[in-house]
1. Could you work out how much longer the chain between residue 44 and residue 142 gets when fully extended? Use 0.36 nm per residue separation minus the Cα distance between them, nm to one decimal.
2. What FRET efficiency comes out for residue 118 versus residue 86 if R0 is 35 angstrom and r is the Cβ-Cβ distance? Round to the nearest 0.05.
3. Can you tell me the relative contact order of segment 23-125? Whole percent, Cα pairs under 8 Å, sequence separation 6 or more.
Amino acid sequence: MSSRQPKPAFLPFLGDHRSSFWRLLRQLRTPSTLGELGERAAATHLRRSGLRIVTTRRRNRFGEIDIVALDGETVVFVEVKTRRNESLARPIDAVDQRRQDRLVRASLAFLKSHRLLDYPSRYDVVEVLWPKGDKRPQVRHHANAFQSRLQGQMHA
């Protein structure tokens, strides 16, 4: 009897991307920017919260999705905002309407390309505050941070 669990039927694409040598190489390299460090911290936080990370830094013609994760059968699209401090504004304030619309378009293209339009999805924002000299960041997860306002949205 195999100890491996079968892949959920609604995510046939999951195995394809994980086996890629280049994806693995990119994950293993040392992050060079504050944003990359923040995305790694956010992914770790989400994993510890029970979400399953599917892919990170996914680009398509509509933009980049920082993290795609699963929460049960819900596909979660996560925007990560990393800052050294909150002196001017909170990181979540940077996720304005324009950025939300771009993320929604990119997520719809992702769902369509993987035939997942029938599955529920949501948009989360993870704030990472990482002051200089601190070894660990403060991470705030805002589940269901915003709803799509674009017409023609085909998911929850």
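Since every read-out is calculated from the coordinates, none of them should be taken as a lab result. A quick note: this is a predicted structure, and the numbers were derived from the prediction, not measured. Cβ placement follows ideal geometry from the backbone for every residue including glycine, while neighbour counts extend to all protein chains displayed.
1. Value of the extension gain: 33.8 nm.
2. Numbers: r = 39 Å, r/R0 = 1.12.
Calculated transfer efficiency: 0.35.
3. Value for segment 23-125: 26 percent.
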